[in-house]
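Okay, so here's the structure we're looking at.
The values are calculated or read from the model by the stated rules, or taken from the named source; none is laboratory data. All of these numbers come straight from a predicted model, not from anything done at the bench. With ideal geometry, Cβ positions are generated from the backbone for all residues, glycine too; neighbour counts draw on all protein chains shown. The area values use the complete protein model at the heavy-atom level, side chains included, leaving out ligands, DNA and RNA. Shrake-Rupley method; radii C 1.70, N 1.55, O 1.52, S 1.80 Å.
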Amino acid sequence: QKEVEQNSGPLSVPEGAIASLNCTYSDRGSQSFFWYRQYSGKSPELIMSIYSNGDKEDGRFTAQLNKASQYVSLLIRDSQPSDSATYLCAVNIGGTNAGKSTFGDGTTLTVKP
Amino acid sequence: KAGVTQTPRYLIKTRGQQVTLSCSPISGHRSVSWYQQTPGQGLQFLFEYFSETQRNKGNFPGRFSGRQFSNSRSEMNVSTLELGDSALYLCASMRYTGTDTQYFGPGTRLTVL
């Protein structure tokens, strides 16, 4: 079992729809959770960080964390073609290990006009 | 504030050679982490440096090494290059407060022929 697993893609949604990206992790000691967006040929760009159970909203993006279920998700509302990218879920246990993140394989999202 | 910078952006080497990559973190960030990204293995953690000391290490052979200078700039060295070392090498910096966010540089694309 991989330490961080993301729903297999690719995921395709029409423009204006909600895109739902999911991630599960195996280390119950995990404290910090991140979503990065990576365009082809570019480096990962931080979208959201979440540390507590519940929802965290930032514009069209909502991250949801459930530590009991070891599950974190990202919702993208009103999806735009510019959201087409690979989304990476990253997890770390914080503290002196905050610099060592474990990444999922990514989910490729395509938003069709 | 300037972001994370990496040099060079592209490198072509032959098997058996060695290579040194450089990373300058965001001003004020004391932690620098290195990651390798390949299509087959995804994003994998190499090591993290904090205050000139290696604080965390991933599961890579000893051919991969690094160091950090007093100004937080970091270098990564790969000796005796193999074809499988072809990858995007990413550097990420973090201020470090225990639940910090890592910000990635543009990466160095290494091709080993």
B:Gly42 fails exactly one of the following numbered conditions: (1) at pLDDT 95 or above; (2) within 12 Å of another protein chain (Cβ to nearest Cβ). What is the number of that condition?
-> (1)
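Does B:Asn71 satisfy the condition of being within 19 Å of A:Ala98 (Cα to Cα) and polar (S, T, N, Q)? Let's see the steps before the verdict.
Details: within 19 Å of A:Ala98 (Cα to Cα): no; polar (S, T, N, Q): yes.
Judged against the criteria, B:Asn71 is not a match.
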Among the strands (runs of 3 or more DSSP E) lying completely within region A:65-113, list those that include at least 2 residues that are within 14 Å of chain B (Cβ to nearest Cβ) and over 13 Å from A:Leu21 (Cα atoms).
-> A:85-92
Kindly list the number of the only condition in (1) within 13 Å of another protein chain (Cβ to nearest Cβ); (2) open to solvent by 50 Å² or more (accessible area, probe 1.4 Å) that fails for B:Phe69.
-> (1)
Which one is nearest to B:Gly105 (Cα to Cα), of the residues in region B:31-44 that are in contact with a Phe, Trp or Tyr (Cβ under 8 Å, 6 or more places away or on another chain) and open to solvent by 20 Å² or more (accessible area, probe 1.4 Å)?
-> B:Gln37
Out of curiosity, is B:Gly28 surrounded by fewer than 19 Cβ atoms within 10 Å (Cβ to Cβ) and either in contact (Cβ under 8 Å) with a residue 12 or more places away in the chain or within 22 Å of A:Leu88 (Cα to Cα) (or both)?
-> yes
Name the residue, out of A:Ser49, A:Ser20, that is touching a strand residue (DSSP E or B) at 6+ places or on another chain (Cβ under 6 Å), part of a strand (DSSP E or B) and at the interface with another protein chain (Cβ under 8 Å from one of its Cβ atoms).
-> A:Ser49
Identify, from the list B:Arg55, B:Arg95, B:Arg109, the residue that is open to solvent by 10 Å² or more (accessible area, probe 1.4 Å), within 11 Å of chain A (Cβ to nearest Cβ), of a type in the set (Lys, Arg) and closer than 18 Å to A:Lys42 by Cα.
-> B:Arg109
